[in-house]
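The values are calculated or read from the model by the stated rules, or taken from the named source; none is laboratory data. Computed from a predicted model, the values in this text were never measured in an experiment. Neighbour counts run over all protein chains shown; Cβ positions are idealised from the backbone, glycine included. With ligands, DNA and RNA removed, areas are computed over all heavy atoms of the protein, side chains included. Shrake-Rupley method; radii C 1.70, N 1.55, O 1.52, S 1.80 Å.
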Amino acid sequence: MSGVIQLVTEVPGPNSRALLARRAQAVPRGVPAVTPIAIVGAEGAVVTDADGNRLIDFGGGIGVVNTGHRHPSVVDAVRHQLDRFAHVCFPVSTYEPYVDLAERLNRITPGAHSKRTFLVNSGAEAVENAVKVARAFTGRQAVVCFEHGFHGRTNLAMALTSKVNPYKKGFGPFAPEIYRIPFPYCYRCAQAGPRDSGSAGECCMASRSRLEQIVASTVDADSVAAIIMELELGEGGFVPAPREYVTALAEFARDHGIVFIADEIQTGVGRTGKLFASEHYGVVPDIIITAKSLAGGLPLAAVTGRADILEAAQVGGLGGTYGGNPLACAAALAVLDVMESQQIPLVAARMGERIRLRFCQWAGRHPCIGDVRGLGAMIGMELVRDPASKTPDKALTSSLLTAALQRGVILLSAGTYGNVVRVLAPLNTPPEILDEGLDAVEQALEAVAASRS
Ligand SMILES: Cc1ncc(COP(=O)(O)O)c(C=O)c1O
């Protein structure tokens with residue numbers, strides 16, 4: 001039976017290689033080329049490269065096309081808006097798609113309290129602005145963040161980001177008043193004993209007294225404006241925080257008057273099998289930040305939170321020339337319609353089960369798969385030299401990604417040690433295309449594992 005993958009040249013082919021050569025002369029190397037292919041078209045979960053090869057996209061533009069490439073409703077909404085106007089600048093003249101989207105996000109994010117939303121262009125910008133409003137509201141300056149966390153590449157977002165190379169090396173000085181605490185990464189927790197993530201058991205960092213201790217050893221809790229957390233680490237390696245830890249942390253924040261910011265830039269908009277990962281934890285963050293899949297491929301990010309917190313910034317303190325661009329707002333409204341009408345979070349949960357099952361089957365045969373974990377369709381597998389030492393195997397991970405690409409699947413890695421394979425395929429990828437992609441990844445895994453032993 002023929003599938004959607006169609007390879008007419010080696011990957012990368014000559015046209016991809018030629019464009020990448022031009023790119024190397026025109027664009028600095030600091031902007032990475034994670035895959036060596038050039039794309040000329042994309043539809044649903046399938047992309048076409050410059051040589052006419054058709055590949056399955058398990059990267060989704062790094063988690064941006066949860067509703068698939070060029071979803072017809074999103075394309076129509078953007079076209080419709082483009083026929084009216086593309087830009088007037090929201091701080092200058094008000095337009096309805098921005099207000100509609102703010103109302104919608106205020107309604108669908110966890111918590112029935114009064115909320116406000118404002119829009120910016122990128123995840124990093126949302127991070128910066130969430131911290132700004134938390135500081136304005138509390139009159140405090142310190143921000144607590146996590147080891148393995150990723151929050152973007154602007155100055156404050158970079159300071160909040162954990163991994164030094166490549167994100168921070170040589171780019172200091174960093175924003176002050178940032179305090180980093182351990183993330184509950186159970187698979188690599190020295191105190192976890194035989195427990196691996198996903199199994200039953202208490203998180204050793206989840207008790208209130210332990211949290212007080214951890215924070216007190218780095219900063220005075222009563223000087224902290226905000227705690228910012230990814231409930232499941234994205235770039236840090238698809239590590240979901242244990243529920244009991246998040247519950248304890250949210251209580252700790254509340255009792256110390258600290259604004260709890262959930263960075264849902266990668267976890268949000270259906271990825272984890274709920275519209276927002278916070279819903280898995282039963283916590284109501286004071287602020288939720290979203291970006292990536294919010295506008296299905298157009299640049300847009302949102303800061304949504306308690307009205308009293310968001311109203312703390314003075315007039316003119318928030319905003320920007322492009323923030324909440326009308327085309328992006330129209331796209332986001334269409335994305336949220338699709339999420340609702342096609343029950344995409346539910347579809348994502350089912351898709352996640354399918355991926356988890358395959359990863360677990362592979363783990364049964366390949367001891368190099370040390371851990372399989374994640375919420376909903378945000379599933380990753382961590383590759384190690386051997387299960388006892390858990391030494392990260394970055395080389396094997398990158399060989400696997402290359403082998404998958406050569407078989408027609410775009411696959412991405414993550415993790416502080418570069419050894420986690422993650423799937424960020426569109427959530428509405430048809431099961432037969434998902435299976436075809438997983439089959440290709442399985443063949444790639446068999447090939448790299450065989451060449452290793
Ligand atoms: C959790 C998280 N926060 C923030 C960001 C930064 O977003 P952007 O690249 O749009 O600035 C990312 C991007 O990967 C992310 O995954």
Quiz item: Where in the chain are the DSSP H helices whose C-alpha atoms run 20 Å or more along the long axis and whose mean Kyte hydropathy is at least 0.0?
Solution: 123-138, 326-341, 344-365, 431-452
Quiz item: So what's the net charge close to A450: Lys and Arg +1, Asp and Glu -1, counting the other residues with Cβ under 13 Å from its Cβ?
Solution: 0
Practice problem: Could you please state how large a percent of the accessible area of the chain is carbon and sulfur, counting protein chains only and using a 1.4 Å probe? | Solution: 54
Quiz item: Could you state the per residue volume, in Å³, of the convex hull enclosing the Cα atoms of the stretch 364-407?
Solution: 91
Quiz item: If you place +1 on the Cβ of every Lys and Arg and -1 on the Cβ of every Asp and Glu, how big does the dipole about the Cα centre of the chain come out, in debye to the nearest 20?
Solution: 820
Quiz item: Once you list every other residue whose beta carbon is under 12 Å from the beta carbon of L231, what net charge do they have if Lys and Arg are +1 and Asp and Glu are -1?
Solution: -2
Exercise. Using amide H atoms built 1.01 Å from N in the peptide plane, name the residues 5+ places from A301, or on other chains, whose amide H lies under 5 Å from its own.
Key: V120, N121, S122, G324
Exercise. State the Cα centre-to-centre distance between the stretch 346-393 and the stretch 111-174 in whole Å.
Key: 29
Practice problem: Assuming 1.567 mPa s and 4 °C, estimate D for the stretch 1-113 with Stokes-Einstein, Rh taken as the Kirkwood radius over Cα pairs, in µm²/s. | Solution: 73
Exercise. Collect residues whose amide H, placed 1.01 Å from N in the peptide plane, falls under 5 Å from the amide H of V239; neighbours closer than 5 in sequence don't count.
Key: L233
Quiz item: If you take the Cα atoms of the stretch 1-52, find Rg, then find the Kirkwood Rh from the mean of 1/r over all pairs, what is Rg/Rh?
Solution: 1.03
Self-check item: ³J(HN,Hα) computed for each position of the stretch 261-275 - Karplus, 6.51 cos²θ - 1.76 cosθ + 1.60, integer Hz, glycine/proline x
Solution: 9, 8, 7, 9, 5, 9, 7, x, 6, x, 4, 8, x, 10, 4
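Leaving ligands and nucleic acids out of the surface, order L405, L19 by accessible area at 1.4 Å, largest first.
Reading off the accessible areas and sorting them downward yields L19, L405.
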Quiz item: Quick one: accessible area per residue over the chain, 1.4 Å probe, rounded to a whole number of Å²?
Solution: 41
Practice problem: Note down the Stokes-Einstein diffusion coefficient of the stretch 298-453 in µm²/s, whole number, using a Kirkwood radius over alpha carbon pairs, 25 °C, and 0.890 mPa s. | Solution: 135
Quiz item: If you wrap the stretch 232-372's Cα atoms in a convex hull and average its projection over all directions, what's the area in nm²?
Solution: 10.8
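Under a Cβ-Cβ cut-off of 15 Å, what is the net charge of the residues other than S207 that fall near it, where Lys and Arg count +1 and Asp and Glu count -1?
After counting each charged neighbour, the total is -2.
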